[in-house]
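The values are calculated or read from the model by the stated rules, or taken from the named source; none is laboratory data. As the structure is a prediction and not an experimental result, all values here were calculated from the model. In this analysis, Cβ positions are derived from the backbone assuming ideal geometry, glycine residues included, and neighbour counts consider all displayed protein chains.
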């Protein structure tokens, strides 16, 4: 068996396993609906929480719970999707550990795309860039002939990225194609770069981004297999080119290089990450406003946010005492 197809076994001292995963694999209507029906029951039986997106092009999700429960859900997905070990028939999984649940509920949702770029012509199974394993990433991005692109959104790139990476400054992944045409193409011509190297959180956005660039004739395109999370799993911190924290779409908000929760929390008013320094600003009011949204909402909005925060605080106090 190809070692690259094996999920790494991580040392753990926590009880909750967090697994981020995706697979591009065709699903007809019947198989999709069966998954949407079966997954909530399986998750409930195994005390697993999280979110799974199901579309005709495959599945994408993050779940957390007891290791045995998470493995049961992943095994069910592999069996239901008829997944094997080659890249386009396997589940790409990134594992980390937490000391408590990182989701409040489980949701399985029907979507048009498992990651939305908004172009039907983009299909990673038909055309995709060259995959780069985490252990080979440093050599690629250290090469001055490589143009390194962070395909994530601005609120993600603001708290961490790879050294020397270019951030598109997009607010949505849908904006990536336009940025590629208006900014990236002229930049490549100006820099005379020999290749592009792209990365994202878990690898899924780069699958579609590299597929788009391949279709549009952008030349030699590479992308980090498994994304930042796989890189942080496998590359020692002393050898790392990663700087800052990695935003994740769960209650941990951001992870450091050891895949532990970092210093960021989430502003419940605007949904953006807030650092410890930003929480110390006079303008910050927990659950009501932060530096990102202090001028964004009305007084009525802030009153509503404050009431919601009081309810959250009361809920947390009750459950801590229970």
Tell me whether region 63-83 contains one or more residues that are closer than 26 Å to residue 174 by Cα and buried (at least 21 other Cβ atoms within 10 Å of the Cβ). yes
Those residues that are farther than 17 Å from residue 239 by Cα and loosely packed, with under 15 Cβ neighbours inside 10 Å, I need them from region 131-144; list them, please. 144
When region 263-275 is examined, which residues are found to be surrounded by 20 or more Cβ atoms within 10 Å (Cβ to Cβ) and without any contact (Cβ under 8 Å) to a residue 60 or more places away in the chain? 267, 269, 274
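Here is a yes/no grid of residues against (1) at positive phi; (2) not in a helix (DSSP H, G or I):
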| position | (1), (2) |
| --- | --- |
| 259 | yes, yes |
| 277 | no, no |
| 281 | no, yes |
| 302 | no, no |
| 308 | no, no |
| 317 | no, no |
Quick check: is even one residue across region 104-119 part of a helix (DSSP H, G or I) and either buried (at least 16 other Cβ atoms within 10 Å of the Cβ) or modelled with pLDDT under 95 (or both)? no
Look through 27, 77 and report the one residue that is in contact (Cβ under 8 Å) with a residue 24 or more places away in the chain and in a loop (DSSP other than H, G, I, E, B). 27
